[in-house]
Amino acid sequence: MRVKKAVIPAAGMGTRFLPATKAQPKEMLPIIDVPTIQHVVEEAVNAGITEILIITGRGKRAIEDHFDKSVELEILLEQKGKSNELADMQRISNLADIFYVRQKEALGLGHAVACARNFVGSEPFAVLLGDDIVHAEVPVIGQLIDIYKRKGGSVLGCQRVGFENIQKYGAVDAEDYSEPIVRVRSLVEKPKSAEAKSDLAVLGRYVISPEIFNVLAITTPGAGGEIQLTDALNLLARQQPVWAYSFAGRRYDVGDRIGFIEATIEYALRREDLAPQLKAYLKSLTFCE
């Protein structure tokens with residue numbers, strides 16, 4: 001079955017980026033001049049997804065406004081003869097069919113995904129988290145969709161992060177780690193480094209079978225007192241195949257300050273309009289030597 005729907009949880013408070021996120025959604029923090037969530041939406045669209053549900057919360061109206069049509073802005077840009085900017089604004093408002101639902105309580109990622117049940121129905125669906133953006137020739141979620149078509153079952157986007165960092169993520173336990181696609185034996189949310197079975201971490205990209213909703217309905221709160229998607233996927237792996245796929249691409253943890261800075265610099269260095277000046281500036285920073 002074709003994967004045509006995506007869910008983007010965006011209800012978090014963004015406490016790691018206070019005070020910047022005190023009055024604006026963390027998902028609207030820009031990588032140069034493009035909000036983080038736009039990168040995520042474009043990844044889904046470039047993978048062929050046509051319907052997107054964004055899970056929001058209080059104080060997130062800026063996300064809806066960003067993807068909405070802005071008549072006043074478009075008129076202003078047209079009057080000023082800024083045709084390129086006008087075309088870009090029109091493209092943003094027509095990226096996909098985007099829907100919204102509020103997660104009324106911050107009860108965890110699993111609870112947020114459960115809010116998408118009516119939207120998803122009985123279809124497989126993609127989940128993309130906004131804290132991880134990936135520069136890749138083939139969109140990461142598209143890579144996972146291809147694996148889903150070949151293997152069936154749910155597919156988790158993973159990379160190795162080092163045992164010193166695994167406590168930040170869901171960790172994969174598999175029978176074999178020699179291939180880029182491995183069957184998941186179990187998952188553990190944020191294990192201690194000494195207790196982790198591997199440093200293969202789930203990094204914010206999933207293609208999930210609709211049976212997950214029945215599992216989420218019986219999943220009890222786990223780490224942090226929240227309903228963890230990792231715990232539900234762990235239960236699902238006992239019922240049907242769940243695959244961990246080591247995706248290709250440069251991944252940035254933009255929920256982390258250093259990761260956000262790395263993404264900003266490297267995305268700028270890929271742009272012809274910014275790279276020459278930025279390179280010259282970076283070379284001038286002799287105090288960094």
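The values are calculated or read from the model by the stated rules, or taken from the named source; none is laboratory data. Since this is a predicted model, take the numbers as computed values, not measurements. For neighbour counting, all protein chains shown are included, and Cβ atoms are generated from backbone atoms with ideal geometry for every residue, glycine included.
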Quiz prompt | Filter pass, residue 153 being more than 29 Å from residue 30 (Cα to Cα) and in contact with a Pro (Cβ under 6 Å, 6 or more places away or on another chain) | solution = yes
Quiz prompt | Test: residue 10 is touching a residue at least 60 places away in the same chain (Cβ under 8 Å), touching a strand residue (DSSP E or B) at 6+ places or on another chain (Cβ under 7 Å) and either surrounded by 19 or more Cβ atoms within 10 Å (Cβ to Cβ) or not acidic (Asp, Glu) (or both) | solution = yes
Self-check item: Odd one out for residue 163, checked against (1) at pLDDT 90 or above; (2) closer than 26 Å to residue 112 by Cβ; (3) part of a loop (DSSP other than H, G, I, E, B); (4) not hydroxyl-bearing (Ser, Thr, Tyr)
Solution: (2)
Practice problem: Mind telling me which of the residues 268, 194, 263 ends up being touching a Leu at 6+ places or on another chain (Cβ under 7 Å) and assigned to a helix (DSSP H, G or I)? | Solution: 268
Exercise. Could you please find all residues in region 235-260 being touching a strand residue (DSSP E or B) at 6+ places or on another chain (Cβ under 7 Å), in a helix (DSSP H, G or I) and surrounded by fewer than 23 Cβ atoms within 10 Å (Cβ to Cβ)?
Key: 259
Self-check item: Checklist (1) crowded, with 16+ Cβ neighbours inside 10 Å; (2) within 17 Å of the chain's Cα centre (by Cα); (3) touching a residue at least 40 places away in the same chain (Cβ under 8 Å); (4) not in a strand (DSSP E or B) applied to residue 203, failing item
Solution: (4)
Quiz item: Any idea which residue in region 46-89 is farthest from residue 9 (Cα to Cα), counting only those that are aliphatic (A, V, I, L, M) and crowded, with 19+ Cβ neighbours inside 10 Å?
Solution: 77
Quiz item: In region 190-199, is there at least one residue being among the charged types (D, E, K, R), at pLDDT 90 or above, more than 23 Å from residue 252 (Cα to Cα) and surrounded by fewer than 24 Cβ atoms within 10 Å (Cβ to Cβ)?
Solution: no
Quiz item: Just one of 218, 147 is β-branched (Val, Ile, Thr), surrounded by fewer than 17 Cβ atoms within 10 Å (Cβ to Cβ) and either in a helix (DSSP H, G or I) or modelled with pLDDT of 90 or more (or both); which is it?
Solution: 218
Exercise. Go through region 126-141 and give me each residue that's in contact with a helix residue (DSSP H, G or I) (Cβ under 7 Å, 6 or more places away or on another chain) and under 14 Å from residue 246 (Cα atoms).
Key: 134, 139, 140, 141
Exercise. Tell me, yes or no, whether region 91-98 has at least one residue that is under 21 Å from residue 129 (Cβ atoms) and without any contact (Cβ under 8 Å) to a residue 12 or more places away in the chain.
Key: no
Exercise. Name every residue in region 1-19 that is hydrophobic (A, V, I, L, M, F, W, C), under 17 Å from residue 133 (Cβ atoms) and not in a strand (DSSP E or B), in order of residue number.
Key: 10, 17
Exercise. Could you list, in sequence order, all residues of region 23-38 that are surrounded by 17 or more Cβ atoms within 10 Å (Cβ to Cβ) and either within 18 Å of residue 68 (Cβ to Cβ) or touching a Leu at 6+ places or on another chain (Cβ under 9 Å) (or both)?
Key: 25, 27, 28, 35, 36, 37, 38
